[in-house]
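Written below as structure tokens is the structure these notes are about.
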Amino acid sequence: MTRAQHGIGSIDLDRRGFLGLVAAGSVTVMGALAGCGTGGSGSDASASAAGTSKKALSGRHLTFVGDDAFAPYRYVQKTKSGKKKVVGLDIAIADELARHLGFTYEFEAQEFSATLASVQSSDTSFTMAMSSNKEREKTFDFTRGYYEPRVGVLTLGGKAVTSVDDLKGKSIACTTGTVQNKFVEAVLPDGDIHTYDGGTQCLQEVLAGRIDAYLCDGAEGQSMRDANKGLVLGLLDRKDTQDYVGVYRVMATKGATFVKAFDQEIGKMLKDGTLDAHIKKYVGADFAWGDDVSAAGSATEGVK
């Protein structure tokens, strides 16, 4: 897949318009999005790579499963011609992996709550922006980290929430099963916590005044804040969250044969600055790795 086909070279989406599109449920089916290399219309880059025998995954066709309302990692963009496609940091990285390793892939949009089951049931599927933990490692294999997140707190007006103490006494929304969900349940076991299937639902609860705070990925919160007047974003210190929120990795079912190749290629992109270039573009310079990539770690023992 080429960057041009995914629109990676010219992202000009109005974020307010993006959230309105997502809220309307405009894109929910696999294959409806332009720019995803399906078997019948794969991109020139992927098709060319697949025909090169030296590529580690030449001829393989995979499925990227994930939420398409998770800016800046994955979100729907409307082109000038009126077509819709999914773009973002994760798509840019998946395109890089496809180009270097020789596989093609299609993107299948699903709510986060359905993603784990979909990936677990297929040895040709993967998802991204996932943190590993002992529970998940029983069922899934992971690459080393490609991005180090921060936990964000979105509120409607008021002072930015920047500590766990600031969350006490507030009603809190989070997406079911995410690391943010598990983090807040661990640090505030008696907290007023409400879980929803997707980030858009959490956001709407805050905007409607029914929930005080949405605990989210910091970069996702940054995008939502920019798109909605009145929202305030606070970022929790990494020291407070590091025991619960790990780096983002590519995740696949246990034993998936492509994970090792993914891991090795991500290691190369960490070293040569490719990942930082994409992170700066889609998230911001403050979220880049810089000279210290030690937190990225390596692939889990099961895929080495």
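Exactly one residue out of G284, G267, G273 is within 29 Å of S163 (Cα to Cα) and small (G, A, S), and it is G284.
Only a single criterion out of (1) within 24 Å of D165 (Cβ to Cβ); (2) surrounded by fewer than 18 Cβ atoms within 10 Å (Cβ to Cβ); (3) within 22 Å of the chain's Cα centre (by Cα) is not satisfied by G209, namely (3).
Mind listing whichever residues of region 190-223 are at pLDDT 95 or above and of a type in the set (A, V, I, L, M, F, W, C)? I193, C202, L203, V206, L207, A208, I211, A213, L215, C216, listed by residue number. Applying the condition of being among the polar types (S, T, N, Q) and surrounded by fewer than 24 Cβ atoms within 10 Å (Cβ to Cβ) to region 128-150 and asking which residue is modelled with the highest pLDDT yields T139.
Taking first residues from region 176-197 that are free of Cβ contacts under 8 Å to residues at least 60 places away in the same chain and partners that are of a type in the set (D, E) and not in a helix (DSSP H, G or I), the Cβ contacts under 9 Å between residues at least 6 apart in sequence or on separate chains come to A186/D243; D192/D212. Of all residues in region 77-114, those that are out of contact with any Pro (no Cβ under 8 Å at 6 or more places or on another chain), in a helix (DSSP H, G or I) and modelled with pLDDT of 95 or more total 12. Per this entry, Y244 is counted among residues that are within 26 Å of F140 (Cα to Cα), surrounded by fewer than 20 Cβ atoms within 10 Å (Cβ to Cβ) and of a type in the set (S, T, Y). It is to be established whether one or more residues within region 153-170 are touching a helix residue (DSSP H, G or I) at 6+ places or on another chain (Cβ under 9 Å) and part of a helix (DSSP H, G or I). Yes: one or more hits. Among the residues examined, G157 qualifies as on the phi > 0 side of the Ramachandran plot, surrounded by fewer than 23 Cβ atoms within 10 Å (Cβ to Cβ) and of a type outside the set (S, T, Y). Candidates in region 273-288 are the residues that are touching a strand residue (DSSP E or B) at 6+ places or on another chain (Cβ under 8 Å) and modelled with pLDDT of 95 or more; of these, the one that is farthest from R74 (Cα to Cα) is L275.
If you go through region 278-294 and keep only what is without any contact (Cβ under 8 Å) to a residue 12 or more places away in the chain and surrounded by 13 or more Cβ atoms within 10 Å (Cβ to Cβ), you end up with just K280.
The values are calculated or read from the model by the stated rules, or taken from the named source; none is laboratory data. All of these numbers come straight from a predicted model, not from anything done at the bench. Every residue, glycine among them, receives a Cβ derived from its backbone with ideal geometry; neighbour counts consider all protein chains shown.
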